[in-house]
Every structure is written in structure tokens, then in C-alpha cells.
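Have a look at the structure below before the remarks.
The values are calculated or read from the model by the stated rules, or taken from the named source; none is laboratory data. Because the structure is predicted, anything quoted here is derived from the model rather than measured. Neighbour counts are summed over all protein chains in view; Cβ atoms, including those assigned to glycine, are modelled from backbone coordinates with ideal geometry. With ligands, DNA and RNA removed, areas are computed over all heavy atoms of the protein, side chains included. Shrake-Rupley method; radii C 1.70, N 1.55, O 1.52, S 1.80 Å.
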Amino acid sequence: MRGQFWVIVMLEGFEPFGEHAVNASWVAVQELQKLGLGHDINLHVAEVPVEYQAVQSLLPSLWTQHLPQLVVHVGVSGMATTVTLEQCGHNQGYMRPDNCSFCPKSCCCLEGGPDCIHSVIDMDAVCKRVNSSGLGVSVSVSKDAGRYLCDYTYYTSLFLGEGRSAFVHVPPLGKPYSAEQLAQALRAVILEMLELMEHNKGKNHCLHDQ
């Protein structure tokens, strides 16, 4: 139990981009904001631009301003048919231009940074718990967030938060889930993540791939 202390969770979706004229991630985040996470969880939401430079300036300020215990980023994937939990973020391979037609010259998030950073959260454990809960939304786990703004944002957040971050990919709306179903799934996922973090508090984690 978290008791009388507020838990601060930062939840972020993305603006429209490419073929996604409506970004299911931001719609789902807004639906979850209506639902809330419980009386003892202080939820902050934000819409993130699909721009590399905006991510580099926005994320540090969000971590500093809100001091969250957990930051959860939500992105849409046209290839996804499940709610997909990403275990890690990658530093290299960013060659796709963003909404401003910009691409990092170094093609990486952090020059000299580790190739991969893992979340302190065991996504396999979260996946099993949610799938066994009878929610009616299928959840899976991935280790490749796609080398675009989703992966870029996740790596940056994992670095800033020392692993206290998560990324969830959702399918486009109606393929097959509604915004309400996605919000319910996100709520279940985040609550399981917080329970695991509470249970594992004080334990050491290896965040960086060698």
C-alpha cells in the first residue's frame, strides 16, 4: 500500500504525425486522465511534439518540475495489434526526419551514452499480470521501440529518470480497441508498474547494457 503519500505519475502522448492524423496515444492519455489512477496518485499529462529537439528541451523540464516517481510515455504504432510494453530504449539509429523535417546529425540520443537503457520495471511481469486480469485487452512485450520519436523519447527519459520510465505502444483507434479500452488497459498497466516499483524499492537494478 502507498498509504497517505501522493505518488506522482507523468503520462505523455504524442501529437499527430505521418499517416496518424489522429494520434491514438494522446486520445488514450486524455481518456485515462478522465478515469484517473486513484485518490492517492497525482497524475500529470502532456502532449509531446513529434520533434527531436522539442523532446530534448521538454523532458528535462518535466522531470524537474513534477519530480515524478514514474513517467509513462504512450505512442501509436500502425503495426501494433496489442498494447505493447517496451522494455528498453536505444541510443543509435535515428535517421527518420521528424515533423519539422529535422534529424539529429549524430543519429543518436546522447553522444557517448550507453547503446541501450532498460526500465527498472519488469515488463514481462506487468504483461502477465494484466493479461491474467480478464481486462479484455491483449498486452505484449517488445525490446525494439522503433528508432523514431518513440524510442528517442524513451531513451532520453530512461536516462534522465535513471530507469524510472516506461513506454507503451498502442494500436490506432479501432484496430481493434476503442479509446476507452486503451485507457482502461493503460490504467491497469500503470497500476501494476507502481505495485512492482513499490515491491522492488531499495533493490539494485542494472540499467545499462554492457
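See the values below:
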| quantity | calculated |
| --- | --- |
| Selection within the range 141-158 - aromatic (Phe, Trp, Tyr) and surrounded by 21 or more Cβ atoms within 10 Å (Cβ to Cβ) | Tyr152, Tyr154, Tyr155 |
| Among the candidates Tyr177, Tyr155, residue that is hydroxyl-bearing (Ser, Thr, Tyr) and outside any loop (DSSP other than H, G, I, E, B) | Tyr155 |
| Members of the range 34-64 found to be of a type in the set (S, T, N, Q) and touching a His at 6+ places or on another chain (Cβ under 9 Å), listed by number | Asn42 |
| Residue check, Ser138 under 14 Å from the mean Cα position of the chain (by Cα), surrounded by 15 or more Cβ atoms within 10 Å (Cβ to Cβ) and touching a residue at least 12 places away in the same chain (Cβ under 8 Å) | no |
| Count of residues meeting criterion [on the phi < 0 side of the Ramachandran plot, part of a loop (DSSP other than H, G, I, E, B) and either open to solvent by 40 Å² or more (accessible area, probe 1.4 Å) or of a type outside the set (S, T, N, Q) (or both)] in the range 117-135 | 6 |
| Yes/no for Asp98 being farther than 24 Å from Val7 by Cα, among the charged types (D, E, K, R) and touching a Pro at 6+ places or on another chain (Cβ under 9 Å) | yes |
| Subset of the range 1-16 [in contact with a helix residue (DSSP H, G or I) (Cβ under 9 Å, 6 or more places away or on another chain) and either at positive phi or at pLDDT below 95 (or both)] | Met1, Arg2, Val7, Ile8 |
| All strands (runs of 3 or more DSSP E) inside the range 8-116 with 2 or more residues being open to solvent by less than 40 Å² (accessible area, probe 1.4 Å), among the hydroxyl-bearing types (Ser, Thr, Tyr) and without any contact (Cβ under 8 Å) to a residue 60 or more places away in the chain | none |
| Residue match in the range 162-172 (condition: of a type outside the set (D, E, K, R) and surrounded by fewer than 15 Cβ atoms within 10 Å (Cβ to Cβ)) | no |
